[in-house]
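The values are calculated or read from the model by the stated rules, or taken from the named source; none is laboratory data. As the structure is a prediction and not an experimental result, all values here were calculated from the model. Methodologically, a virtual Cβ is constructed for each residue, glycine included, from the backbone with ideal geometry; neighbour enumeration extends over all protein chains shown.
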Amino acid sequence: MASRTLRIGLIPGDGIGREVIPAGKKILESLPSSLGLKFSFVDLDAGYETFKQTGTALPDKTVETLQKECDGALFGAVSSPTTKVAGYTSPIVALRKKLSLFANVRPCKTTLSPAFASPTPHPIDLVIVRENTEDLYVKEEKTYADPSGEGQIAEAIKRISSKASWRIANIAGEIAVRRQKMRESAASAEEKDKKALVTITHKSNVLSQTDGLFRSTAREALSQAKFSSVAIEEQIVDSMVYKLFLQPQYYDVIVAPNLYGDLLSDGAAALVGSLGLVPSANVGDGIVIGEPCHGSAPDIEGKGIANPIATIRSVAVMLEFLDLPEAANVIYRAVDANLAEGSFVSPDLGGTAKTSQVVNDIIKRL
């Protein structure tokens, strides 16, 4: 097999980001040689500590290096100041804008483990695909005096475009097709029997123009011939919340505008036991950035007990979007085996293992 070399940016950020991103690097370096993959790495700065040292949370050099040199990247975590700090803005939000990372992809999967009890009896294996560039997150707001003289009125723009809606629905369809192919090579009959499904989430019964445009455009995008094997359905967002918690095992890929995707993905994360297990990826046309969903966790920083699995799974999601599903599957299965045995799990899951012990156990299973 011809080897393929990928350049990966490493952005630890703050707090335990500096402990889990090296774990992700180690996993990439330990992938089986039979996959034919090689990696080179570049260390990059971003975060609140970087802001305090340099006056900017996202140096231009970091952005330029990602744009010009990198196939993918891993982003750790960011500490947020407890009060407003002049000049400081979130570097991950800025990265999404500067690199046109239009999709936030968050898989949620439970794994049976003797070390911890799942908060739901239902097995979960789904992906929430959140549009990452518009909706209320365009942050166009204003406050003005109520003409009636009774206080103030605040307004916010909700922007939905057919371009962004098509793009996010298209990538949701592609994820559903890829997940189906990966399941076909899975060991269990239960995984093989699950069919590709995309659930379009909206509130077009009330927001007929904005959510109506998202709904109709998503349906049009998913009607392409390349998605003929994917079942398509819709859910009003409030019904979606109810059903997601009642029957999460039913869902495969959920696609939603920015705000609904934000809420649904945080809710789904609560179903799998710990944010230390939940990966994500910010995906654009030119680059993909894997990012664990947990924060900087200053209360455990430096103790060597941070759960590295969210980062390790984020490595796998990154590889999926670099068109390396076989390598991604190797990582997913190694993580699942680690959790299923339960000998080396971190304190957030009720175990006693150090970060390094979890990483080393997963590497043995690659």
Wholly inside the stretch 125-171, strands (runs of 3 or more DSSP E) that include 3 or more residues that are in contact (Cβ under 8 Å) with a residue 40 or more places away in the chain and under 30 Å from ARG333 (Cα atoms) are 125-131
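Residues checked against (1) under 17 Å from LEU101 (Cα atoms); (2) modelled with pLDDT of 95 or more; (3) among the charged types (D, E, K, R):
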position	(1), (2), (3)
MET240	no, yes, no
ASP252	no, yes, yes
ASP262	yes, no, yes
ILE289	yes, yes, no
GLY295	no, no, no
Among the numbered criteria (1) part of a helix (DSSP H, G or I); (2) more than 22 Å from ASP125 (Cβ to Cβ); (3) acidic (Asp, Glu), which single criterion is violated by ASP336? (2)
Looking only at the stretch 202-245, how many residues end up being out of contact with any Lys or Arg (no Cβ under 9 Å at 6 or more places or on another chain) and either part of a strand (DSSP E or B) or β-branched (Val, Ile, Thr) (or both)? 3
How many residues does the stretch 125-166 contain that are surrounded by fewer than 21 Cβ atoms within 10 Å (Cβ to Cβ) and under 26 Å from ASP266 (Cβ atoms)? 15
Quickly run through the stretch 29-44 and pick out the residues that are charged (D, E, K, R) and under 22 Å from ILE92 (Cα atoms). ASP43
For the stretch 339-352, enumerate the residues that are assigned to a loop (DSSP other than H, G, I, E, B) and either surrounded by fewer than 23 Cβ atoms within 10 Å (Cβ to Cβ) or not assigned by TED's automatic domain parsing to the domain that holds ALA316 (or both). GLY342, SER343, PHE344, GLY350, GLY351, THR352
Taking only the stretch 17-42 into account, find how many residues are buried (at least 21 other Cβ atoms within 10 Å of the Cβ) and assigned to a strand (DSSP E or B). 0
Out of (1) without any contact (Cβ under 8 Å) to a residue 60 or more places away in the chain; (2) crowded, with 22+ Cβ neighbours inside 10 Å; (3) not assigned by TED's automatic domain parsing to the domain that holds GLY13, the one GLY267 does not meet is (2)
Of GLY304, GLY267, GLY286, GLY273, which residue is within 24 Å of LEU6 (Cα to Cα) and not charged (D, E, K, R)? GLY286
All conditions in (1) buried (at least 18 other Cβ atoms within 10 Å of the Cβ); (2) in contact with a Gly (Cβ under 7 Å, 6 or more places away or on another chain) are true of ALA316 except (2)
